[in-house]
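A.B. asks: Sharing a structure, written as structure tokens. Questions coming.
The values are calculated or read from the model by the stated rules, or taken from the named source; none is laboratory data. Remember, predicted model here, so these are calculated numbers, not experimental data. All Cβ positions, glycine included, derive from the backbone under ideal geometry; neighbour counts span all protein chains shown. For accessibility, only protein heavy atoms count, side chains too; no ligands or nucleic acids. Shrake-Rupley method; radii C 1.70, N 1.55, O 1.52, S 1.80 Å.
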Amino acid sequence: MPSEHLDVLIVGAGLSGIGAAHHLQQRSPGKSYAILEARSETGGTWDLFRYPGIRSDSDMHTLGYNFRPWTNAKAIADGPSILEYVRDTAREGGIDSKIRLNHRVVGAEWSSADRAWTIEAERTDTGETVALTCGFLFMCSGYYRYDEGYTPTFPGLENFRGEVVHPQHWPADLDYAGKRVVVIGSGATAMTLVPAMARDAAKVTMLQRSPTYVVSMPGEDAIANRLRAILPARVAYAIVRWKNVTMQSISYRLSRKRPGLMKKLLRRGLVRELPEGYDVDKHFKPLYNPWDQRLCLVPDADLFRVLADGSAEIATDTIKSFTERGIALDSGAELEADVVITATGLNVLFLGGARIRIDGEEPELAKAMTYKGMMLSDFPNLAFTLGYTNASWTLKADLVAEYVCRLLNHMEVGGYDVCVPRISDPSVTEEPLLDFNSGYVLRALEGLPKQGSKEPWKLRQSYPFDLRAMRFGPLEDGTMQFSRRAAAAEPVAAATVSAA
Ligand SMILES: Cc1cc2nc3c(=O)[nH]c(=O)nc-3n(C[C@H](O)[C@H](O)[C@H](O)COP(=O)(O)OP(=O)(O)OC[C@H]3O[C@@H](n4cnc5c(N)ncnc54)[C@H](O)[C@@H]3O)c2cc1C
């Protein structure tokens, strides 16, 4: 048995893990905890990605924590500013001292007899294995693999004489000044890279198989900046946060209910921003409805400006093969390139790739159902953070952390040491976890847990709904089962996961 025991173990020192630690310190101050972080740095996504122009694609008034106002004038912020904000939160809250870097959690085993998780972590610096136990396991490990981005198989890639770079592994010394660059992809990363690289490259071509919905927003929020000048930062932040939540919610609902109208509005915006005669439909008219995939936001029309001044262009075409000089397209055209950037996405990874065992059994994640989008059926004392697909990640991350604290406090008061969501309603049916057809989601869906057809198993992509349910909803809801040591005899993994 390991000698160290913690009340709570947080996995991951990114935006979510550091936010979770803050909530824990504020709301459940007696609990001992640590954060195990696989990398040698904190900040997660905002430290890993180093490509030119790296920025948020949602506003910082909702990507920021609910407890820490974002006071920078820029609402769409650059990566280094977001990293600084996350690290300042850790420093000022004393969270830094609880973070153990270079600890990759590779296994977690629940014991019903001990009513605790035994955690196995690999030291990424020394290769040692470290073990400890904890009462509650809080996975804030993000949603994708850090070691490898997604690159499809491209025919003839080996023939290409130039350089090929994935944005997840950006070489610090990559020199593209005066060179011809092709960026493959049409997601947020490609939309960020194209204007940023167009400043120095000879020419940048964004090569996309199919278009994405794109909307331009001011990089600075004038209302936020004005309010901050006359109101205390916290008050101004709260107002702007709700303004943005409301606007985002209206835009999402309108997209789902009246996709035709939303398409027209988006197209009108593009026609206004792009040069006269630009083939808007060829390059910016997707085959799917708005919000079937994440809508791309560009600050201050930066993408449209480089398309207008000719330093960048879009090719909507498919790749036949790489050649020595560049990329041959199915249309017969060839794009010459010195550098090719494969902005082709991420590999989804759930629970940080840790091997989970419950009383000696390895439960199949794909057979579990998500409870409130933050716990799993029949997984005791375990929560995870998974942000919204249609709004800023942190809106959900804050709510999940608050809910975990409510649970811990409730267990403390009631003398419980185990909480586990169980499916008791046979009419609940399985649905895919995410109703989203982005490539990275479709590639991963099969191995992910499911959501249920009804509350509390349904994953609502709605902050106002979750706010009510998670901040004020009852903890004893008939689905979450609490127990104390005296009553514990039978193993927790026995119940079956229903797919009625
Ligand atoms: C380029 C890019 C831009 C994005 N922009 C936005 C945006 O504008 N708005 C938005 O809402 N979302 C955005 N996202 C999603 C983004 O990931 C989240 O907003 C947020 O950063 C997630 O924070 P996190 O802490 O949950 O995960 P991460 O930032 O991924 O951090 C997870 C941490 O956990 C650690 N970890 C993982 N597994 C283990 C393990 N087994 N053991 C120990 N440590 C582990 C990792 O090393 C990492 O430090 C973006 C994502 C990317 C890739």
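A.B. asks: For ALA224, what charge total do you get from the other residues with a beta carbon under 14 Å from its beta carbon, if Lys and Arg give +1 and Asp and Glu give -1?
C.D. replies: Taking every other residue near ALA224 into account, the sum is +3.
A.B. asks: Over the Cα atoms, compute the radius of gyration (one decimal) and Dmax (the largest Cα-Cα distance, rounded to a whole number) for segment 200-249, in Å.
C.D. replies: Cα radius of gyration and Dmax of segment 200-249 are 17.4, 48 Å respectively.
A.B. asks: Can you give me the distance in nm between label points at ARG209 and ASP173, each placed 7 Å from the Cα along the Cα-to-Cβ direction?
C.D. replies: 3.5 nm
A.B. asks: On the protein heavy atoms, probe 1.4 angstrom, tell me the percent of accessible surface of the chain carried by carbon and sulfur.
C.D. replies: Reported share for carbon and sulfur atoms: 51 percent.
A.B. asks: For the chain, what is the mean residue ellipticity at 222 nm derived from helices alone (per DSSP H run of n ≥ 4: -39500 (n - 2.57); sum divided by total residues; nearest 500 deg cm²/dmol)?
C.D. replies: Details: 13 runs with 139 residues, N = 500.
Value at 222 nm, helices only, nearest 500: -8500 deg cm²/dmol.
A.B. asks: Something else: Quick check: residue separation of VAL106 and VAL280 times 0.36 nm, minus the Cα distance between them. What number comes out in nm?
C.D. replies: Numbers: separation 174, 0.36 × 174 = 62.64 nm, distance 4.77 nm.
Result: 57.9 nm gained on full extension.
A.B. asks: Using amide H atoms built 1.01 Å from N in the peptide plane, name the residues 5+ places from ALA77, or on other chains, whose amide H lies under 5 Å from its own.
C.D. replies: Sorted by chain and number, the residues that satisfy this are SER56, MET60.
A.B. asks: What residues from segment 2-39 fall in the zone where the backbone N is under 12 Å from a label point 7 Å along the Cα-to-C-beta line of ASP114?
C.D. replies: In segment 2-39, the label zone of ASP114 (backbone N under 12 Å from the point 7 Å along Cα→Cβ) covers 2-6.
A.B. asks: Using a Förster distance of 35 angstrom, determine the FRET efficiency expected from the C-beta separation of GLU361 and THR153, and round it to 0.05.
C.D. replies: FRET efficiency, GLU361 to THR153: 0.45.
A.B. asks: In addition: Where in the chain are the helices, taken as whole DSSP H runs, whose Cα atoms extend 30 angstrom or more along the long axis and whose Kyte-Doolittle mean reaches at least 1.0?
C.D. replies: Span-like helices, by this rule, are absent here.
A.B. asks: I want to make sure I understand the PRE zone here: with the label point 7 angstrom from the Cα of MET247 toward its beta carbon, which residues in segment 40-74 have backbone N atoms less than 17 Å away?
C.D. replies: 56-64, 70-74
A.B. asks: 7 Å from Cα along Cα→Cβ at both ARG256 and ILE223: what's the point-to-point distance in nm?
C.D. replies: Placing both labels 7 Å along Cα→Cβ, they lie 2.2 nm apart.
A.B. asks: As an exercise, use a Förster radius of 45 Å and the Cβ-Cβ distance of GLN25 and VAL164 to find the FRET efficiency, rounded to the nearest 0.05.
C.D. replies: For GLN25 and VAL164, the calculated efficiency is 0.50.
A.B. asks: Would you compute, for the Cα atoms of segment 1-82, the largest minus smallest coordinate along each principal axis and list the three values in descending order, in whole Å?
C.D. replies: 48, 27, 14
A.B. asks: When the C-alpha atoms of segment 362-411 are aligned to their principal axes, what extent does each axis show, in angstrom, from largest down?
C.D. replies: Cα extents, longest axis first: 32, 29, 13 Å.
A.B. asks: Also, I was wondering about something else. Could I have the simple spin-label model distance between ARG145 and ARG91, label points 7 Å from Cα toward Cβ, reported in nm to one decimal?
C.D. replies: 3.5 nm
A.B. asks: Assuming a viscosity of 1.567 mPa s and a temperature of 4 °C, what translational diffusion coefficient in µm² per second does Stokes-Einstein assign to the chain, Rh being the Kirkwood radius over Cα pairs? Provide the component values of the computation, followed by the final result.
C.D. replies: Values: Rh = 24.2 Å.
Estimated via Stokes-Einstein, D reaches 54 µm²/s.
A.B. asks: Right, something else. Could you provide, to the nearest whole Å², the per residue accessible area of the chain with probe 1.4 Å?
C.D. replies: Spelled out: the 1.4 Å probe surface of the chain, per residue, equals 44 Å².
A.B. asks: While we're on this one: Working out 0.36 nm times the residue gap between ARG443 and GLU412, then minus their Cα-Cα distance, what length gain in nm do you get to one decimal?
C.D. replies: Between ARG443 and GLU412, full extension yields an extra 7.1 nm.
A.B. asks: Compute the longest continuous run of the chain that contains no exposed GluC sites (Glu not before Pro); treat a site as exposed when its DSSP state is not H, G, I, E or B and it has at most 15 other Cβ atoms within 10 Å.
C.D. replies: 149-275
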